Amino acid sequence: QGAQIIVFPEDGIHGFNFTRSSIYPYLDFMLHSHSGKWNPCREPSLFNDTEVIQRLSCMALKNKIFLVANLGTKQPCEHSDPHCPPDGRYQFNTNVAFDNDGMLVATYRKHNLYFEYAFDTPPEPDYKFFDTPFAGKFGMFTCFDILFFEPAVKLIRQYNLKQIVYPTAWMNQLPLLSAVEFQQAFATAFNVNILAANIHHPTLGMTGSGIYTPVKSFIYHNMESYGGKLIVAEIPVITTGHETNLESNERFRENLHDSCRTFTSASLDDQVCFKEQGETPGRVSEKGNAELPPPFYAEMMYDNFTFVPVWGEKGELQVCANTLCCYLNYQRAVLTNELYALGVFDGLHTVHGTYYVQACALVKCGGLSFSTCGQEVTDATALIDFQLWGNMSTPYIFPLLLTSGITLDFADHMGWKNNHYFISKNRTSSGLLTAALYGRWYEKD
């Protein structure tokens, strides 16, 4: 089909549920400090125990295509090395990249392991990228890495990378961390192209791959059948001239001198005026606050969110927790029999990983009672015009917009306005599941 590069998923070659010793026979030898050029297909006898790497290299060579794959590797170490495991060897979850001549051009060892007892964390983070004639440099990291500063964010920023290859074996977690939802948000936030290959294993909740640009995506998400899918797309190369949304975010925040700017909503005729920081965004209203709906608490993805219900066909809401306040202007096309809620969380997430989250989220609840808010929901019918904003403390904000059937939509507008980050949408393409600002405050991890 004329593709120039192909990316395979994490764990695709060896599978799951290994111990440190049971995976050992399947590991290829890899000298990660190896600086010389090596073409495993043309020089198979250079290192022993490299059958998988040789086979991948020959695939790239024979098909004249850049190839990225994930495998397990081993590297002996001396006991004088303070990091050396007791059995005298490192075992790494490793991505390899080959050029279209079969040359090994980059290796990356996964840094943020997700309950992978067979593998070691490398002593230092790898910042790995490789050059291509068709799209310049590609950065490389794996699965859980996407949620952390090291090495993913640092890699992109330090080397000004615009294309990313991303093998993953991602267990979907609605409403905020479905694979396609977060992959898209990452591409948008960093203004990069991402080639994301997720393993297809519905019983483990692993599905959702895509080729993403900041404004368009080609995805496959299928929880029903066991057939995987090859996604083929042609996308524009992002040149390094464009600054990322984050860079413009930070510059925008520095340039905020007006104490009050007008915030005009695309869908509503209201004008919201943000006062100087420390005060909440006010809005002139005769009604006062007498009719604000009650806040309630519910667990969403193991975090204790503070919610307010989204009632009626239109309105304005706010909900706060710790230092974070979230605001919503909304209007529904038709009032459906579905409960939505606006939630806020500002704290350390501690289940299945420890990382600090600031989130403002408009979500569809699982049922009509408050206790169902935060549940995993895959279908919705409500079409909602909305503007969502929050006084986020971090510039690293991932805009999530997920619609019925786990499909993606794109916001009309997003960005900083007077120390608040906002996202707005005039009409979703189908029923709204999640609209959220998912902030990662890396310094507080």
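The values are calculated or read from the model by the stated rules, or taken from the named source; none is laboratory data. What you are looking at is a predicted structure, and each value in this text was computed from that prediction instead of being measured. Please note: Cβ atoms are built from the backbone with ideal geometry, for glycine as well, and neighbour counts cover all protein chains shown. These accessible areas exclude ligands, DNA and RNA; they are computed on the full protein's heavy atoms, side chains included. Shrake-Rupley method; radii C 1.70, N 1.55, O 1.52, S 1.80 Å.
Side notes on the structure shown:
- Based on every Cα atom in segment 1-76, Rg and the maximum pairwise Cα distance Dmax equal 13.4, 41 Å.
- Ordering 54-62, 85-93 by mean Cβ neighbour count within 10 Å, with the highest value first, yields 54-62, 85-93.
- Between segment 306-354 and segment 52-111, the alpha-carbon center distance in angstrom: 44
- Three-way shape label, segment 76-204, alpha-carbon gyration tensor, a/c 1.5: oblate
- Taking a ≥ b ≥ c as the square roots of the eigenvalues of the Cα gyration tensor, an a/c ratio of 1.5 or more together with a/b larger than b/c marks segment 22-136 as prolate.
- Among 354, 84, 200 the positive-end extreme of the charge dipole of the chain (Cβ point charges): 200
- Between 0 and 90 degrees, the angle of helix 245-254 with respect to the longest Cα principal axis of the chain falls at about 50 degrees.
- Share of carbon and sulfur in the accessible heavy-atom surface of the chain [1.4 Å probe, %]: 51
- Separation of the residue 239 and residue 117 label points, Cα + 7 Å toward Cβ, nm: 5.3
- Simple label model, 7 Å out from Cα along Cβ direction - residue 158 to residue 33, nm: 1.8
- Three-way shape call for segment 335-445 based on the alpha-carbon gyration tensor, with the a/c threshold at 1.5: oblate
- Cross-link partners for residue 62 among the lysines, with Cα-Cα distance under 30 Å and sequence neighbours closer than 8 places in the same chain left out: 37, 74, 110, 128, 137, 162, 229.
- Net dipole in debye of the chain [+1 Lys, Arg Cβ; -1 Asp, Glu Cβ; about Cα centre; nearest 20]: 700
- Nearest-ten-degree value, helix 51-63 long axis tilted from longest Cα axis of the chain: 80
- In this label model, residue 19 and residue 101 are separated by 4.5 nm, measuring between points 7 Å along each Cα→Cβ vector.
- Within segment 332-349, backbone nitrogen closer than 18 Å to the virtual label 7 Å beyond the Cα of residue 313 toward Cβ: 332-340
- Full-extension gain in nm, residue 393 to residue 368, via 0.36 nm per residue minus C-alpha separation: 5.7 nm
- Linear extension gain, residue 47 paired with residue 348, 0.36 nm per residue minus alpha-carbon span: 103.9 nm
- Shown is the FRET efficiency for residue 63 and residue 292, computed with R0 = 51 Å from the Cβ-Cβ distance and rounded to the nearest 0.05: 0.25.
- Segment 5-220: relative contact order in percent, alpha carbon pairs under 8 Å with at least 6 residues between: 17
- Radius of gyration (Cα atoms) of segment 5-220, expressed as a multiple of 2.2 N^0.38 Å: 0.98.
- Cα extents of the chain along the three principal axes, largest first (Å): 81, 48, 43
- Highest mean first, the peptides 233-240, 219-226, 314-321 sorted by other C-beta atoms within 10 Å per residue fall in the order 314-321, 219-226, 233-240.
- Computed E for residue 322/residue 230 - FRET, C-beta separation, R0 56 angstrom, nearest 0.05: 0.80
- Per residue, in Å², the accessible surface of the chain once ligands and nucleic acids are set aside, probe 1.4 Å: 44
- Report note on the peptides 114-125, 431-442, 411-422: ranked by the mean count of other C-beta atoms within 10 Å, highest first, their order is 431-442, 411-422, 114-125.
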